[in-house]
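Below you'll find the structure, written out as structure tokens, and then a few comments.
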Amino acid sequence: MKRSAVALFLLLASVGVVASGQVVPAAISKHASLTVGGMASVFQPDYAGGGLTYANPYPVAESSSYPAFGVGAFVDVKLTHWVQLEAEGRWVRFNQTQFVTQDNYLVGPRVPIVHIWKANVYGKVLGGFSNMTFDNAGDHGRFTDIAFGGGADIKLTRRISVRALDVEYQYWPTWGNSTLSPYGASMGVSYRIF
């Protein structure tokens, strides 16, 4: 009798060990995602216009009394929680002062800061270039652009989010014989493809 009790105990213990190895996880987290979106922006271009002349062949940075408006598109690629990229294009062409336009094409890392309720707060550092038109004569140039910013995306559904706020401070290290520092804010909506 004692042998059969010991055998039964060993049998049940071995079944428990084997069964624990066959547990199916309750949920599998999918880390990778691709999100695309559009946005509307208001920017201080840091240039009031005035054009270039023979006596003054370089533009002078100065705050404009009118904000410029634009539209843009962005793509967010999330590989893991900490490895994320953002690419954006912005075309600031409305409410122009002296025919000044700025188009930005930037890409770089995006870092999650905190998740509150349905909001994902993030920071970003983007790099690329910007095209700028200085005046109605068609004077223009392409400049290196480094952007520092952040914002918050609020999830509405499983696939749709609102970019409640995205702020950006840009630094153009070589602009004529000076530097330029446009800054602004954007709002938009996005769709997660996968």
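The values are calculated or read from the model by the stated rules, or taken from the named source; none is laboratory data. Note that the structure is predicted; figures quoted are calculated from it, not measured. Glycine also receives a Cβ, built like all others from the backbone with ideal geometry; neighbour counts cover every protein chain displayed.
I'm trying to understand the selection: among the residues of segment 49-87, which are at pLDDT 75 or above, of a type in the set (A, V, I, L, M, F, W, C) and in contact with an Asp or Glu (Cβ under 9 Å, 6 or more places away or on another chain)? If the condition is that a residue be at pLDDT 75 or above, of a type in the set (A, V, I, L, M, F, W, C) and in contact with an Asp or Glu (Cβ under 9 Å, 6 or more places away or on another chain), then ALA73, PHE74, VAL75, VAL77, LEU85, ALA87 are the ones that fit.
If you check ALA119 against the conditions, is it surrounded by 15 or more Cβ atoms within 10 Å (Cβ to Cβ) and either of a type outside the set (Phe, Trp, Tyr) or under 30 Å from THR157 (Cβ atoms) (or both)? Reasoning before the result, please.
Numbers: surrounded by 15 or more Cβ atoms within 10 Å (Cβ to Cβ): yes; either of a type outside the set (Phe, Trp, Tyr) or under 30 Å from THR157 (Cβ atoms) (or both): yes.
Judged against the criteria, ALA119 is a match.
Which count do you get for residues in segment 125-162 that are surrounded by fewer than 20 Cβ atoms within 10 Å (Cβ to Cβ) and either of a type in the set (Lys, Arg) or under 17 Å from ASP46 (Cα atoms) (or both)?
15
The residues of segment 100-130 that are closer than 30 Å to GLY176 by Cβ and at pLDDT below 95, listed by number, are VAL100, THR101, GLN102.
Restricting the first member to segment 35-52 and to residues that are over 18 Å from SER65 (Cβ atoms), and the second to residues that are at pLDDT below 95 and among the acidic types (Asp, Glu), the beta-carbon pairs closer than 9 Å and six or more apart or on different chains are LEU52/ASP135; LEU52/ASP139.
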